[in-house]
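The values are calculated or read from the model by the stated rules, or taken from the named source; none is laboratory data. As the structure is a computational prediction, the values presented were derived from the model and not from experiment. All Cβ positions, even for glycine, are placed from backbone atoms using ideal geometry, and neighbour counts span all protein chains on display. Accessible surface is based on the protein model in full, side chains and every heavy atom, while ligands, DNA and RNA are left aside. Shrake-Rupley method; radii C 1.70, N 1.55, O 1.52, S 1.80 Å.
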Amino acid sequence: MSVGVLERPATGSPPDPTTGGVPARRAMMRWAWRLFKREWRQQLLILLLVIAAVAAVVVGSAVAVNTPQPANFGFGTAQDMATFVNTTKQSDLKSAVAQIAGLEHRFGTVQVIENETVHLPGSTQTYQLRSQDPRDPYGEPMLQLLSGRYPTGLDQIAITPGLARELNLRVGSTWSQGGKTVVGIVQNPQSLLDEFALVAPGQVANPTQVTALFDAPGVSPGSIGANVDTPSQNGTSNPINPKTIVLALATVGMLLIALVSVGGFTVLAQRRLRSLGILESMGATDRNVRLVLRANGVIVGVVGALVGFALGFVAWLAYRPHNEQSAHHLISTLALPWTVIVIAMVLAVVATFLAAGHPARAITRVPVVSALAGRPEQPRQIHRSFVPGVIALVLGFVFFSLSGAAGNGGGVIWLIPGLVALVVGIILVAPFFLVLLARVGGSAPIATRLALRDLSRYRARSGSALSAISVGVLIAVVICAAATARYSNVYDYVGPNLAPNQLVIWSTNGQNGNGPGPNGPIGPSGTTPSPSIQSQLATVHSIASTVDGADVVELDNPASSVGLQNPSASGRQWNGQIFVATPALLWAYGVNPSSIPADVDVLSSRPGLSGSGVHLTYGGTSGKDGGQLVGPGSGGGGPGSANTNGCSPGGCLAHPVVQEEGQLPTATDAPNTVITMSALRRLHLASQTSLDGWIIQAKSPLDTTQITSAQALAAANNLSVESKNDAPSSHEVVNWATAFAVALALGILAMSIGLIRSETASELRTLTAAGASSRTRRTLTAVTAGGLAFLGALLGTVAAYVGLVGWFRSNAVEGGLSDIIDHIPWSNLFLIVVAMPAVAMIVGWVLAGRDPAAISARPME
């Protein structure tokens, strides 16, 4: 038997350690992919957060960017446009033709579009008779053929879909005016509200407007003519555009995802501690092990970003037709802000990569023997100063104050660093409060004391969960508190304009229906005859008859303008109309006129108006928007003006008697504030009322068909119809924000509790072996969940009010600090700060209590 002996290397030193090069890194990447496939359920929360965030960015940015009119609206592909109006006179038309010839001589190709305004037979609605060559180079984006073909001959015409429906025409029908044949259905993709009939070039005899499209590179519009414009002049130069806002929100969301993901990747590292130990025992370096976990973070981010983009794109495809209808212009399928979307997807990958880096570094500090035995690293105590966190919160307060002082326009730029400072402050102070919570519970029962001690011991990891909960609560509380303060402003009233079961029919004539109405049929003298009040009233009742069980309430407006005024020298001023509290109106809303005291001047459903010290202004002529309100200290005189010393005599009543009447409607355009008949008599305005409109109230919400039918009937008699808009109510805003905070906090807790309890599994086995009951185990989990939830909700709420107090105290438009202090959303804060931790404790109690799978040692996986 022979034995071989290896000689010692001549250098006497061991070979340099190696990471294995490219083959080792490739093996680690494959191992990370297998790890993701096996453990994707444990990372489901992270995946769902990334998917939801990226999908929200795709849909939100697409809607925000595409809802406004396109930048080249009205210009097509041209860079310059000359507009000539009032060309019905031959002299003006000849002048326009001469100028267009000059433009063509100077700049080359010029496309001419002629429009003549024509009234629909028997209706007040109008359309444009348009002459436009579809083959010209500049106007292509403004013309689209839906069916048939473009007109080419003198006896041919193409019409828009709306005009076809209105006149009951289709391709092949005969146009009643001129006997032309309808050869096509067309539309303006840049404005779906543009109703026109297209004829061949040169077929508009008396154009009311002529447009010339051309390119004048390097030439300023002013040097060409006063009627020349460019697309850039129609745009906005505000740097806070929809793309910037969406990207800022995406950045904050990805920061939140990174905080949440730290715990998830730590759980993964702990679950695979033995596998990673075996990997190191086979020669893998710390760098290889860190690569496995970081590559897993990248894989999670990439998969979440790709799935989120696919889900968001599908949602965008489904919503795009609705967006086109609300934006009134066509939107391309791929008209997405790709820069914002790509940056958001990259941020998602970066967030998960950075989140995986912390447990990757921590796991390499565990000795190989401890890793093979399944013993995790002892909790690393962090000694982070409390002072930097307080400084960051103070900076957040300062930035929000600067934003409020600069106003709603220029101050938006300060909100971003202010929000970042608040988030950084929360992250820095979170570990301190975990220690404080453990000290507060020092005299509590053993199970509670152990749970709070574990939060403090593992605060390097539980601190990330606490920070994530706090940031989510911060965002929600800012929305809740700011929305509540804004919606509670009794002067500048915001919210839905009407209830879903209401329609308002406005009279578009002048006072008492005698003035000229817009878009009416043109008479021989060139004036517009206005329908009488009786005929309009008959039309209103005809509209009401199409709705089952609808009631009609007349809205009377004082002949002399009446308004309310904020007596403060700062803050928002009154908006909205004040109607007359006629007996018919009061009876319609269940208010007995005889029950109103004789000294009451104003009835209102706006909460808080009765104690606001408002001033009543009157005098001048009536109008739909009420009287002219002059701010205090402005120096304005005459009726309706006021100064810091009080009301001007004869035009203002200081501190009128305002009675809050909850039975009046609360919508912004409904009669939520009315002046009493007794006040009109005292102000010598009695009996001088003019009919302003009618409100139709149905027993159930009105559908689209009923609203469209009402609009068609109203247009025939010089009336306009207003229906409910999409403005959310205060309850919708704050309730959705509260639901977001509660759902996010509970989701983070679900993952974080598993992390903390897995790290203390050995102690739990010891307690079980020592005879601890299921009640003790349930208490551990419940207190851990409740402690994290309560502390996160408290920190997030305090940080939110630090920023809000700074903003409101320096914002004079919003009414100052009292707006945010006097209108605290107590019920929503109770749900976030008290009810949510209670729910977390109950759920933790119910789901805990099982005996460990093994008492003596950690089970093999």
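Can you give me the P(r) profile for the range 690-751? Cα pairs, bins 5 angstrom wide beginning at 0, each as a whole percent. Once binned at 5 Å, the Cα pair distances of the range 690-751 give 3, 12, 15, 14, 12, 9, 8, 8, 7, 5, 4, 2, 1. Dipole magnitude for the range 34-125: computed about the Cα centre from +1 point charges on Lys and Arg Cβ and -1 point charges on Asp and Glu Cβ, it is near 780 debye.
Per q in 0.10, 0.13, 0.20, 0.23 Å⁻¹, report the Debye log10 I(q)/I(0) for the range 388-506, using one uniform scatterer on each alpha carbon and no solvent. Each listed q maps to, in turn, -0.51, -0.71, -1.09, -1.24.
Calculated on the alpha-carbon coordinates, the convex hull of the range 29-130 measures out at 217 cubic angstrom per residue.
Model label sites at LYS699 and ASP133, defined 7 Å from Cα along the beta-carbon direction, differ in position by 6.2 nm.
Label-to-label distance, ARG38 versus TRP826, with points set 7 angstrom from Cα along the beta-carbon direction: 5.5 nm. Other residues with beta-carbon under 14 Å from the beta-carbon of VAL298 carry, at +1 per Lys or Arg and -1 per Asp or Glu, a net charge of +4.
Solvent-free Debye calculation, one equal scatterer per alpha-carbon of the range 113-193: log10 I(q)/I(0) at 0.26 Å⁻¹ equals -1.62. Taking all protein chains together and a 1.4 Å probe, the residues TYR801, TYR150 rank TYR150, TYR801 from largest to smallest accessible area. For the range 87-226, the percent of C-alpha pairs falling in each 10 Å distance bin, counted from 0 to the bin holding the largest distance, reads 11, 40, 32, 14, 3. From the mean inverse distance of alpha carbon pairs (Kirkwood) and the Cα radius of gyration, derive Rg over Rh for the range 187-228. Across the range 187-228, the Cα-based Rg/Rh ratio is 1.06.
A simple count of charges around ALA581, restricted to other residues whose Cβ falls under 13 Å of its Cβ and scoring Lys, Arg +1 and Asp, Glu -1, yields -3. The residues neighbouring GLN659, those whose beta-carbon lies less than 12 Å from its own, together hold a net charge of -3 under the Lys/Arg +1, Asp/Glu -1 convention.
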